[in-house]
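Structure first, commentary second.
The values are calculated or read from the model by the stated rules, or taken from the named source; none is laboratory data. What you are looking at is a predicted structure, and each value in this text was computed from that prediction instead of being measured. Cβ sites come from the backbone with ideal geometry, for glycine too, and all protein chains shown count toward neighbours. The protein model used for the area step is the full one, side chains on, heavy atoms only, and it has no ligands, DNA or RNA in it. Shrake-Rupley method; radii C 1.70, N 1.55, O 1.52, S 1.80 Å.
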Amino acid sequence: MAKPGTSACPLRVAIIGAGPAGFYAAEHLFKQDRIIVEIDMFDRLPTPFGLVRNGVAPDHQRIKAVTRIFDRTATNPRFRFFGQVGLGRDITRAQLRDHYHQIIYTTGAPSDRNLGIPGENLKGSYSATDFVAWYNGHPDFRDYEFDLSQKRAAVVGLGNVAVDVIRILSRTPEELAQTDIADHALEQLRQSRVREVYMLGRRGPAQAAFTNPEIKELGRLDDVHVTIPPEEATPDSLSQQALEREDDRVGSKRIEILKEMASRQRAGQSRTIHFRFLVSPVEILGSSGRVRAMRLVKNELYATDMGTLRPRATDRLEELKVGLVFRSIGYKGLPLSDIPFNPKWGVILNEKGRVVEPESRKPVVGEYTAGWIKRGPNGVIGTNKPDALETVSCMLEDLEAGLTLKPSHQGSSDTETLIRRNRPDYFSYADWQRIDEIEREKGLHSGRPRVKFATVEEMAAALGR
Amino acid sequence: MKMNVERILATKCSSVVVVRPDDSIREALALLARHNIGALVVVDETNHPMGILSERDIVRGAARNEAIFDQRVDSLMTQEVIITSPTDDARLVARTMTEKRFRHLPVVDNGDLVGIISIMDVVRTQRDQYEGQVESLQTRLSTV
């Protein structure tokens with residue numbers, strides 16, 4: 001049989017997950033001018049773009065502009081989108097293997113890591129990623145409830161998600177009303193009584209994962225005063241040495257920004273963001289089943305043999321009165337049905353993007369992965385491009401070597417028949433474009449980038465279904 | 001943006017190929033050839049790294065003594081093993097490797113040998129990290 005990739009027999013590729021990694025992989029496959037590729041992209045949600053739509057903060061529209069690049073890929077006549085078609089729910093791995101030459105799993109890291117401390121399940125203790133999905137209008141999170149009647153909240157973590165959550169909790173309703181935050185979240189946040197937000201980092205200011213522009217942004221919010229205990233804004237001697245030794249200008253600049261913030265006087269703002277460094281929660285304390293405070297331990301830094309600075313608990317404890325806790329210590333990948341998984345790193349078992357068998361560690365012919373479910377949750381959106389390129393290189397190499405699946409169904413109409421049977425109400429890319437248009441139109445009337453549909457039913461209704 | 005060793009191991013799941021100190025160089029060479037790799041981790045009975053046996057060690061040994069095939073692995077291995085952990089900063093690891101001229105480092109997590117990384121792995125991952133940042137910046141500039 002001839003190698004797939006010709007116009008008589010195009011290389012048929014399924015991409016599972018319509019986030020950045022999936023789109024970058026599709027873009028790179030279409031760039032191959034020596035082979036003809038047909039791509040079907042699936043997502044368990046009706047809408048594409050993954051975390052760009054459901055993760056990136058609503059007040060960071062410029063980051064979301066990357067979807068224009070993905071749109072270009074989607075205009076290729078050999079590209080199809082099947083929204084609302086979930087792997088294991090509406091289509092099985094076996095069916096995919098019987099319809100495509102190659103499959104790429106780009107499902108991301110939909111869960112989050114626990115703190116693993118007592119009290120984590122008290123009412124008022126939440127996952128930051130759930131909160132993010134909720135305020136971004138992710139349909140699965142539409143009915144989540146967050147008790148915003150508390151005055152004081154803590155966000156555990158020093159990453160960009162933690163900064164996003166703090167910003168959304170601290171912005172005024174007027175500021176939020178200019179974004180595409182979900183309407184249900186906007187309504188709840190209007191009623192929010194949260195006025196003090198603590199950001200708790202186990203390491204010091206020099207090791208924080210947030211970027212300098214994001215931290216500066218916190219200092220420019222309309223009605224927010226920022227405080228940092230001066231001794232915590234100053235790096236300890238190990239950090240200071242590391243900054244100098246590595247000539248770490250970004251880190252030094254961050255310290256400068258924080259010190260400047262620490263020196264500010266309150267100027268009538270009614271909301272406060274408190275930065276706290278070198279503290280770890282050891283227990284969430286409750287009364288009548290809900291959060292009333294956190295017990296924190298003060299950390300100190302020590303250097304590993306390699307020179308990495310790590311926190312270690314001291315014996316100094318303190319109690320912080322808060323009624324809300326958001327944990328934001330990292331996303332976590334989840335296993336996909338029977339696809340080989342490495343629970344230690346929370347990724348699909350893979351070698352440079354080739355899915356491998358758990359026992360033999362030999363590649364599983366025809367199956368690949370890219371993005372967070374391949375490398376773990378790290379990097380910026382653009383990091384998915386070199387990541388997807390590496391995977392596509394492996395796919396092309398294997399294609400050259402004749403190592404592809406041999407599906408019994410070769411035509412693109414067979415897949416459509418299968419999906420129409422399993423999920424007749426699937427969303428095509430044209431459906432998404434219509435939804436996108438309606439959302440933007442609604443936004444125009446209210447001075448917002450868009451007004452999001454937050455349930456699948458609303459989306460279907462908007463399409464006249 | 002910080003990146004740690006865990007990120008490198010995530011896409012490098014082939015199991016670590018190990019030898020015992022009393023194995024022969026013949027066996028070690030067969031392993032290197034079969035797995036198409038440049039170094040083996042030498043471990044004791046508890047799977048704890050005792051040394052690294054690299055192509056270089058074997059080349060050096062062969063230059064001294066033509067009959068190395070029957071020699072024991074521990075006669076040629078590099079004994080000074082620096083180990084790294086999954087949470088170590090990849091930038092610091094890269095620096096240590098270049099300064100001390102180590103091409104391979106075993107990765108140990110809570111006493112367990114969980115992987116081996118080469119300087120090429122580290123450099124490649126760093127390159128991808130930087131390229132990703134450039135990609136995101138360019139996207140922002142081109143879509144303004």
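FRET efficiency for the pair A:TYR302 and B:ASP22, taken as 1/(1 + (r/R0)^6) with r the Cβ-Cβ distance and R0 = 41 Å, rounds to 0.65.
Go ahead and run the numbers for FRET between A:GLU244 and A:LEU317, Cβ-Cβ distance against an R0 of 25 Å, rounding to 0.05. According to the calculation, E is roughly 0.20. The relative contact order of the stretch A:323-465, computed from alpha carbon pairs under 8 Å that lie at least 6 residues apart in sequence, is 13 percent.
Using the rule -39500 (n - 2.57) for each DSSP H run of four or more residues, divided by the residues of the protein assembly as shown, the 222 nm mean residue ellipticity is -10500 deg cm²/dmol. Straight-line cross-link partners of A:LYS3 among the lysines, defined as a Cα under 19 Å from its Cα and at least 8 positions apart when in the same chain: A:LYS31, A:LYS406.
Determine the relative contact order of chain A: mean sequence separation of Cα pairs under 8 Å and six or more apart, normalised by residue count, in whole percent.
Relative contact order comes out at 22 percent.
Across the stretch A:356-365, coupling constants 3J(HN,Hα) worked out from phi with the 6.51/-1.76/1.60 Karplus curve, θ = phi - 60°, read 10, 5, x, 7, 6, 6, 8, x, 8, 4 Hz, and Gly and Pro carry x.
In degrees between 0 and 90, to the nearest 10, how far off the longest principal axis of chain B does helix B:55-64 point, with axes built from Cα atoms? The angle comes out at about 30 degrees. Sequentially through the stretch B:40-46, phi angles give Karplus couplings (6.51, -1.76, 1.60; θ = phi - 60°) of 10, 8, 8, 10, 8, 4, 8 Hz, Gly and Pro residues having no value and appearing as x.
With all protein chains in place and ligands, DNA and RNA left out, the 1.4 Å accessible area ranks A:LYS442, A:LYS64 as A:LYS442, A:LYS64, largest first. Axis angle, to the nearest 10 degrees, between helix B:25-35 and the longest C-alpha principal axis of chain B: 30 degrees. The modelled label-to-label distance between A:ASP183 and B:ARG95, using points 7 Å beyond Cα along the C-beta direction, is 5.4 nm. Summarise the long-distance tail of P(r) for chain A by giving the % of C-alpha pairs beyond 36 Å. In whole percent, the share of Cα-Cα pairs in chain A beyond 36 Å is 35.
Per-peptide packing, taken as the mean over residues of other Cβ atoms within 10 Å, places A:92-98, A:418-424 in the sequence A:92-98, A:418-424 from highest down.
Between A:ARG264 and A:HIS60, full extension at 0.36 nm per residue minus the direct alpha carbon distance yields a gain of 70.9 nm. Taking every residue in B:130-139 and counting other chain Cβ atoms within 10 Å of its Cβ, the average works out to 6.
Axis angle, to the nearest 10 degrees, between helix B:90-100 and the longest C-alpha principal axis of chain B: 40 degrees.
State the antiparallel share, in %, of DSSP beta bridges confined to the protein assembly as shown, rounding to the nearest 5.
Given both bridge residues lie in the protein assembly as shown, the antiparallel proportion sits at roughly 50 percent.
Cβ-Cβ distance of A:ASN121 and A:GLN410, R₀ of 41 Å, FRET efficiency by 1/(1 + (r/R0)^6): the value works out to about 0.20.
Taking the Cα centroid of the stretch A:130-146 and of the stretch A:354-406, what is the distance between the two, rounded to the nearest whole Å? Using only Cα atoms to place each centre, the spacing works out to 31 Å. Pairs over the 26 Å Cα-Cα cut-off, from the set A:LYS151/A:LYS253; A:LYS321/A:LYS452; A:LYS344/B:LYS2; A:LYS253/B:LYS2; A:LYS344/A:LYS452; A:LYS298/B:LYS100: A:LYS151/A:LYS253; A:LYS321/A:LYS452; A:LYS344/A:LYS452; A:LYS298/B:LYS100.
Once label points are set 7 Å from the Cα along Cα→Cβ at both B:LEU141 and A:GLU359, what is their separation, rounded to one decimal in nm? Once both label points are built, they end up 5.3 nm from each other.
Accessible area of the protein assembly as shown with a 1.4 Å probe: how many percent of it is carbon plus sulfur? On the protein assembly as shown, the fraction of accessible area on carbon and sulfur atoms equals 49 percent. The spacing between the stretch A:159-189 and the stretch A:410-428, judged by their C-alpha centroids, is 38 Å.
Taking all protein chains as shown and a probe of 1.4 angstrom, B:PHE69 keeps an accessible surface of around 100 Å². Interface size, chains B and A: roughly 3200 Å² of accessible area buried, both sides included, 1.4 Å probe, rounded to the nearest 100. Each part gets one Cα centre, and for the stretch B:1-23 versus the stretch A:280-338 those centres are 28 Å apart.
Per-residue accessible area (protein heavy atoms, 1.4 Å probe) orders B:SER75, A:SER170, B:SER85, A:SER237 as A:SER237, B:SER75, B:SER85, A:SER170, starting from the largest. Cross-link partners of A:LYS352 among lysines, defined as those whose alpha carbon lies under 16 angstrom from its own and excluding same-chain residues fewer than eight positions apart: A:LYS362, A:LYS374, A:LYS385, B:LYS12. Of the whole protein surface, A:THR179 contributes about 10 Å² of accessible area at a 1.4 Å probe radius.
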